[in-house]
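Step one of this worksheet: look at the structure below.
The values are calculated or read from the model by the stated rules, or taken from the named source; none is laboratory data. Note that the coordinates shown come from a computational prediction; the quantities given were computed from them, not determined experimentally. Positions of Cβ are generated from backbone atoms using ideal geometry, with glycine treated the same way; all protein chains shown enter the neighbour counts. Please note that ligands, DNA and RNA were not included when accessible areas were found on the heavy atoms of the full protein model with its side chains. Shrake-Rupley method; radii C 1.70, N 1.55, O 1.52, S 1.80 Å.
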Amino acid sequence: MKIEFNDHGAIATATITSTVFEFRRHKLAVYTALFLAPSVRHSSSGFFVLKTSISGKTSHVLRAYKALQSEAFQ
């Protein structure tokens, strides 16, 4: 699982990329991040390589990114 954080000023994005073998871990991490960050948008794509992008205000996406890191490395 690969997690990236990109800051674009007022708006930031967090991108989570993983394989189909990590499907359950990927979905758990994304759902936890969406639950803990109040107003972020997300889009998911892919079948063999799952890619989810979370975007919104920098402070909210940073909170989601920290949740993603804690869930991904447990």
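Quick notes on this one:
- The stretch 1-39 residues near the modelled residue 74 label - backbone nitrogen below 14 Å, point 7 Å along Cα→Cβ: 24-36
- Residues in the stretch 1-61 average 63 Å² of solvent-accessible surface per residue, probe 1.4 Å, ligands and nucleic acids excluded.
- Chain lengthening between residue 7 and residue 59 when straightened (0.36 nm per residue, less Cα-Cα): 17.7 nm
- A simple spin-label model places the labels of residue 47 and residue 35 3.0 nm from each other, with each point 7 Å out along Cα-to-Cβ.
- Accessible area of the chain belonging to carbon and sulfur atoms, whole % at 1.4 Å probe: 60 percent
- Anisotropy class of the stretch 1-40 from Cα gyration tensor, a/c 1.5 cut: oblate
- Relative pair counts by distance (%), Cα atoms of the chain, 5 Å bins: 3, 19, 32, 25, 14, 5, 1
- Only helical runs count toward this figure. For the chain, summing -39,500 (n - 2.57) over DSSP H runs of n ≥ 4 and dividing by all residues gives -12500 deg cm²/dmol at 222 nm.
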